[in-house]
Structures are given as C-alpha cells and as structure tokens.
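Inspection log for the structure reproduced underneath, given as structure tokens.
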Amino acid sequence: MPPYAYHNKKFMPLEEAKVGILTHALHYGTACFEGIRGNWNQEQKQLLIFRAKEHYDRLLLSCRIMRIKLPYSAKELCDITVQLVAKSGYKEDVYIRPLAYKSSEKIGVRLHDIEDNFLVIVSTLAAYLDTDKGVRCCISSWRRVDDNMIPARGKITGIYVNSALAKSEALERGFDEAILLTHDGHISEGSGENVFIVINNKLITPPSTDNILLGITRDTVMRVAQSDLGLDVVERSVDRSELYTCDEAFFTGTAAHVTPITEIDERPVGNGKIGPITGKLQKLYFQIIQGKNPKYREWCTPVSY
Ligand SMILES: Cc1ncc(COP(=O)(O)O)c(C=O)c1O
C-alpha cells in the first residue's frame, strides 16, 4: 500500500504532494509536527488511531509557540486524519505524521508575516527501538535545548537537530539511544522518548520543567501505572547517578512504545534484564493501543473504510 497524504486541503498519493524549495520551514526549521500511531486490531479487523485528539491538542500548542495559525480545531484535524487513513486503505499498523509549517517561499528568518500550511502523511513504520530485548543507552555529550532557547514542550522541527546530533553520536558509539541532560545536569529525555526510572516500586520521571516534550505515551503510562498497578508516580528532577543505580528504567514514545533500558553508560540497569514493572506496563500498553482493554477503549478512534 503506498503512503498517502493530505496537502493543500486535498487527499493524494504521497508522490503528488510537493513543496517549493524556498519554503520557509525547509530553511529555518519553522514547523511543528506530530507522530501518531494507528494500530491494526486483527480480531476486530479495525484500524484504531491512538489518542488522536491529544496529539492534535499538542500540535495546536506547538503552533501557538511558533505563531502558526491553522484554520482547524483539534476535532477537525482528527476528522481529516480519519478520512486520510480510510482513503489510504491500510489494513496494518500505520504511522501518521501531521506537519504544520511556515509555507511562504521567502528568504528571511522570523515567525511573523509568513503564511502557514498544514499536511498529514500516513505510511508504515519499521520497528523503532527493540521493545523485546531492550536498549543500551549513553548519556549524550549534547545538552537538551532549554526553554529559553527553543521550547521543548513544542514539537518543533528545528529542535530535532538537537535530537539528531545526540542520536547519531549514540549510534556511532555503539549504543542504541542517547539520553540528554538539561543545562544544569538533570536527566531530560531521549532523542525521541521520555524516560522513566523505577526505585523501590515507585515510578519517577522528569517534570515538564526539565525541557521535555510532554509525551502522550508518558501520560498513558503514568495513568495506567497509578490506576491499574496501584503504583506511586512522581514527577521530579532525576540525577544522572539515579539512572546508574535505579531498579528499572524505560523509554516511552509513540514510535518507541514502552522500551526497556537495560544498560546505561556500560552499567547494567538492575540485573540487566527487563524489570517486572516495565514488563507489566509494556503488556498493558500494547493491549490498550490495540483496543483490547475496554477501560481505555475511548482512546482509540476507529477508521471506517
Ligand atoms: C523529544 C521527544 N520526547 C518524547 C517523545 C514522546 O512523545 P509521545 O509519547 O507523545 O510520542 C517524543 C515523540 O514524539 C519526542 O520526539
């Protein structure tokens, strides 16, 4: 099935969706985006889009930071996405990539007096991190961008230079993923994932003020951990050495799902195997995104063909 797109208010095969080479966002990183998953439920023969409304609420928040005006509400953006996925005809897991961007074909770095446009792409996505085996991480030599540099609470394309520098460094040093520190040395997040640690059966994750993207998977896991596993969940700054000494650690993200972290800077996390709480949360999370947990079914928007 070829990827499909919505661009300039029309649905079309991806290969027909084009932008000019002077497009502002291409030169200055002036765009914001989302990554949303649609999960195929084989028993119900249905594709379910996970927490689409929350993703579009976050896109609109990023747009406010970037002074991008979209002529759509979150609900209308969800409707466009459902129509796009239906038109694409996919009957397997899909990845949905909305992008709101500064579209004027004009040289000049600024945010004001530039036109905006919006597109969405639906395609498949190869496994991002190894959720079965877990991943080996390093603390990056790159620091996370600060709120007064480029606000990380916005999913802004320009920020991903910071992530790309960290990710390539990690891979080329033989690790699977990087963990970035804030400018004052606390754990912020992975290149495209939030970080959790477990200490004495308590789930701990960096707060919104430590320059993280407020992940929708992060929110999902926090709610499920409290409500279904009865765990305490604490948002607080996390020291680097807590990552070296915690019982369990894992990443969360739309692309990464719940990925166990088994090693950090050559030190095993816990006993170096997937921890029991991580394993339980991962299992629950997969059930939920596939629409197999009635309690959370409202998070899954079905696509009708
Ligand atoms: C930098 C960064 N942090 C965290 C996340 C996780 O966010 P979510 O769970 O909403 O996908 C992502 C992925 O979107 C990301 O790019």
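Below is a table of values for the structure above.
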{"item": "Positive minus negative residues near His257 (Lys, Arg vs Asp, Glu; Cβ under 15 Å)", "result": "0"}
{"item": "Solvent-accessible area per residue for region 27-81 (1.4 angstrom probe, square angstrom)", "result": "42"}
{"item": "Rounded FRET efficiency, nearest 0.05, which uses the C-beta distance separating Arg97 from Leu22 and R0 of 25 Å", "result": "0.65"}
{"item": "Surface accessible to a 1.4 Å probe, His55 within the full protein complex, Å²", "result": "0"}
{"item": "Rg/Rh (Cα only; Kirkwood hydrodynamic radius) as it applies to the chain", "result": "0.97"}
{"item": "Loop chymotrypsin sites (Phe, Trp or Tyr not before Pro), region 201-267 (other Cβ atoms within 10 Å of the site Cβ: 14 or fewer; DSSP)", "result": "none"}
{"item": "Cα pair distances in region 126-230, grouped into 5 Å bins until the bin that holds the longest one, percent each", "result": "2, 12, 21, 23, 21, 13, 6, 2"}
{"item": "Length-normalised contact order of the chain in % [C-alpha pairs under 8 Å, at least 6 apart]", "result": "20"}
{"item": "Degrees separating the helix 216-227 axis from the principal Cα axis of the chain, which is the longest one", "result": "40"}
{"item": "The chain - percent of accessible surface contributed by carbon and sulfur, probe 1.4 Å", "result": "51"}
{"item": "Inter-probe distance in nm under a simple model that places probes 7 Å from Cα toward Cβ, at Tyr160 and Arg64", "result": "2.4"}
{"item": "Qualifying aspartates and glutamates (Cα of each under 18 Å from Cα of Lys133; at least 8 residues distant if same chain)", "result": "Asp176, Glu177, Glu193, Asp247, Glu248, Glu263, Asp265, Glu266"}
{"item": "Relative contact order [Cα under 8 Å, 6+ residues apart], region 5-50, whole percent", "result": "20"}
{"item": "Cross-link pairs Lys18/Lys53; Lys53/Lys202; Lys53/Lys155 - those with Cα-Cα distance over 19 Å", "result": "Lys18/Lys53; Lys53/Lys202"}
{"item": "Region 53-202: relative contact order as a whole-number percent, Cα under 8 Å and 6+ apart", "result": "19"}
{"item": "Computed label-point distance, nm, for sites Arg297 and Gln42 using a 7 Å Cα→Cβ extension", "result": "2.1"}
{"item": "For region 96-166, Kirkwood radius (reciprocal of mean inverse C-alpha pair distance, Å)", "result": "15.6"}
{"item": "Candidates per GluC sites (Glu not before Pro) in region 82-167, loop by DSSP, up to 12 other Cβ within 10 Å", "result": "Glu92"}
{"item": "Estimated inter-spin distance, Val233 and Arg173, nm [label 7 Å along Cα→Cβ]", "result": "3.0"}
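The values are calculated or read from the model by the stated rules, or taken from the named source; none is laboratory data. All figures in this text were calculated on a predicted structure; none of them were measured in a lab. Using ideal geometry, Cβ is built from the backbone for each residue, glycine included, and neighbour counts are taken over all protein chains shown. What goes into the accessible areas is simple: the full protein's heavy atoms, side chains included, and nothing from ligands, DNA or RNA. Shrake-Rupley method; radii C 1.70, N 1.55, O 1.52, S 1.80 Å.
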